[in-house]
């Protein structure tokens, strides 16, 4: 997997979290995920599962499509 895809997803999560005005700790608590894991996701270091992505989306009050639109940009 291209780590650029994970970085793009992580940046979108970070941007949405910051637009809401939450810290990583607040997002982690609302999503039921460890704060350090959220940090890794936002930096593109974690290849999160679909279930974890759903937890994050539920906490951010958005759908998976919102965060993943046009990722990846290239199709095989």
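From the Cα gyration tensor of region 3-66, with a ≥ b ≥ c the square roots of its eigenvalues, which class applies: rounded if a/c is under 1.5, or else prolate if a/b is larger than b/c, or else oblate? Kindly include the intermediate steps, with their values, before the conclusion.
Values: a/c = 1.27, a/b = 1.22, b/c = 1.04.
Rounded.
Look at the alpha carbon pairs under 8 Å that are at least 6 residues apart: their mean separation over the length of the chain gives a relative contact order of 38 percent. Against the chain, whose longest principal axis comes from its Cα atoms, helix 50-60 is set at around 50 degrees. Helix 3-20 sits at what angle to the longest principal axis of the chain, using alpha carbons and giving 0 to 90 degrees rounded to 10? The helix 3-20 is inclined about 30 degrees to the chain.
FYI, it's all coordinate maths here, none of it is from the lab. Just so it is clear, the model here is predicted, and its values are computed rather than measured.
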